[in-house]
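The values are calculated or read from the model by the stated rules, or taken from the named source; none is laboratory data. Here the structure is a predicted model, which is why all the values come from computation and not from measurement. We place every Cβ from the backbone using ideal geometry, glycine too, and count neighbours over all the protein chains shown.
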Amino acid sequence: MEQIDKLIQSKQSRRRFLAGAGAIGAVGAATLLTGCNDSSSSSPAPVVPPVTPTPQDIPDNDILNFALNLEYLEAEFYLYAATGSGLPTSLVPSGSGTTKGGAMIAGGNIPAAITNYLNAIAQDEMNHVAAIQATITKNMGTPAPRPDIDFGAFAALAGLAKITTPAVFNPFADYMSFLVGAFVFEDVGVSAYNGAAPAITSSAILDAAAGIAAVEAYHAAEIRTLIAGMASVEGADQTFLTDANLISTLRAAVGGGMETQLSISSIVSADANAIGFSRSTSQVLSIVYANNAAGTAKGGFFPSGLNGSIKTV
């Protein structure tokens, strides 16, 4: 834990692949079509005027701020689990909300491997927050402040998923419950980045988002492997694998399907062609709000909604 504590006190690093992410996509050149006239024709080849690209419905900075809200949620979750406190003040913009319900993992006797994974992912998510904030600023935008976050939503989500043991689910109660809590977020984050990619106009920002999506996929694989692997040991408690799959079933119900039930033989979450799933912003919001009713703009982990222009199911 000392390693993360020191990292929180120090200046946060930025991802190199985001250093030039403020570039705007290139403008297309005019196209000249050569006519198919025969050699005796003296008519000049027609000149086709340049086509004006259709504007994207969602500006890049709005997409980045949507991603930033989700990264705030993940960073707060892992940092609280590792250290008992959230993001450092340097990464919390003016006007930010509060975080409720976070705590250092209780119970003690956490395996060294779990501690190492937790510390590494906490640092990654903290870096993602810093990197996206820097990218939005470089792209002439304003990073959204951290929204109100309520980790008490885990208990409500567990109830909707019909998790009955324990009666009130708490991801900070012990390290196995923490892994199930992490499972709630990681697959959603990967599918959110995949879904947003086609709407990004800047190639530099798209490259950067792909880099973050790759890291989130590594995180998801770590968590899925740990849960399934621990359950595969002879005589092991199957409760937490069962809980993860109940969560997966609920996400499918409210978030547009796109789930792979977890087992030792199905670690990767993908379709029949081994292609990772993509979710729209509405589908992602349906999961984090725990409500897929059209027009929903708050709830679940975000009791006051997201900050930014993308916040309604």
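Looking only at region 227-252, which residues are exposed (fewer than 15 other Cβ atoms within 10 Å of the Cβ) and of a type in the set (Gly, Ala, Ser)?
Across region 227-252, the qualifying residues are 229, 232, 235, 236.
Look through region 75-103, keep the residues that are free of Cβ contacts under 8 Å to residues at least 40 places away in the same chain and out of contact with any helix residue (DSSP H, G or I) (no Cβ under 7 Å at 6 or more places or on another chain), and return whichever of them is farthest from residue 120 (Cα to Cα).
Per the stated criteria, the residue is 89.
Any idea which residue in region 186-222 is nearest to residue 255 (Cα to Cα), counting only those that are among the β-branched types (Val, Ile, Thr) and within 14 Å of the chain's Cα centre (by Cα)?
My answer is 188.
Any residue that is surrounded by fewer than 23 Cβ atoms within 10 Å (Cβ to Cβ) and acidic (Asp, Glu) - is there at least one of those in region 118-130?
Yes, because at least one residue in region 118-130 is surrounded by fewer than 23 Cβ atoms within 10 Å (Cβ to Cβ) and acidic (Asp, Glu).
Filter region 121-139 down to residues that are in a helix (DSSP H, G or I) and over 16 Å from the mean Cα position of the chain (by Cα), then give me how many there are.
Of the residues in that region, 5 qualify.
What number of residues within region 202-230 satisfy the criterion of being without any contact (Cβ under 8 Å) to a residue 60 or more places away in the chain and more than 23 Å from residue 274 (Cβ to Cβ)?
Residues flagged as without any contact (Cβ under 8 Å) to a residue 60 or more places away in the chain and more than 23 Å from residue 274 (Cβ to Cβ) within region 202-230 amount to 1.
Among the residues of region 87-101, which ones are among the small types (Gly, Ala, Ser) and part of a loop (DSSP other than H, G, I, E, B)?
Once the filter is applied, which keeps residues that are among the small types (Gly, Ala, Ser) and part of a loop (DSSP other than H, G, I, E, B), region 87-101 yields 94, 95, 96, 97, 101.
So how many residues does region 189-226 have that are surrounded by 23 or more Cβ atoms within 10 Å (Cβ to Cβ), among the β-branched types (Val, Ile, Thr) and either in contact with a Gly (Cβ under 6 Å, 6 or more places away or on another chain) or within 15 Å of residue 262 (Cβ to Cβ) (or both)?
So the count comes out to 2.
Take region 209-238 and flag every residue that is modelled with pLDDT under 90 and within 14 Å of residue 124 (Cα to Cα).
Across region 209-238, there are no qualifying residues.
Could you check, for region 140-147, whether at least one of its residues is surrounded by fewer than 21 Cβ atoms within 10 Å (Cβ to Cβ), among the hydroxyl-bearing types (Ser, Thr, Tyr), modelled with pLDDT of 90 or more and assigned to a loop (DSSP other than H, G, I, E, B)?
Yes, because at least one residue in region 140-147 is surrounded by fewer than 21 Cβ atoms within 10 Å (Cβ to Cβ), among the hydroxyl-bearing types (Ser, Thr, Tyr), modelled with pLDDT of 90 or more and assigned to a loop (DSSP other than H, G, I, E, B).
Pull out all pairs, ordered by first then second residue, where Cβ-Cβ is under 8 Å, the residues are six or more apart or on different chains, the first lies in region 156-172 and is over 25 Å from residue 108 (Cα atoms), and the second is assigned to a helix (DSSP H, G or I) and of a type in the set (A, V, I, L, M, F, W, C).
Correct list of pairs: 157/184; 157/247; 157/250; 160/250; 161/246; 161/247; 161/250; 162/246.
Based on what the data block shows, is residue 272 of a type in the set (Gly, Ala, Ser), surrounded by fewer than 15 Cβ atoms within 10 Å (Cβ to Cβ) and at pLDDT 95 or above?
For residue 272, the condition - of a type in the set (Gly, Ala, Ser), surrounded by fewer than 15 Cβ atoms within 10 Å (Cβ to Cβ) and at pLDDT 95 or above - is not met.
Take region 232-245 and flag every residue that is hydrophobic (A, V, I, L, M, F, W, C), farther than 23 Å from residue 276 by Cβ and not in a loop (DSSP other than H, G, I, E, B).
Hit for region 232-245 is 240, nothing else.
Within region 179-198, is there a residue that is outside any helix (DSSP H, G or I) and among the aliphatic types (A, V, I, L, M)?
So far as region 179-198 goes, no, none of its residues is outside any helix (DSSP H, G or I) and among the aliphatic types (A, V, I, L, M).
Taking region 89-109, which residues are surrounded by 17 or more Cβ atoms within 10 Å (Cβ to Cβ) and farther than 20 Å from residue 302 by Cα?
The answer is 105, and nothing else.
Hey, residue 285 hits all of (1) crowded, with 20+ Cβ neighbours inside 10 Å; (2) modelled with pLDDT under 95; (3) among the hydrophobic types (A, V, I, L, M, F, W, C) but one; which does it fall short on?
Only one criterion in (1) crowded, with 20+ Cβ neighbours inside 10 Å; (2) modelled with pLDDT under 95; (3) among the hydrophobic types (A, V, I, L, M, F, W, C) is unmet by residue 285, namely (2).
Can you tell me which condition residue 155 does not meet? The list is (1) more than 25 Å from residue 276 (Cβ to Cβ); (2) not in a helix (DSSP H, G or I), and all the others hold.
(2)
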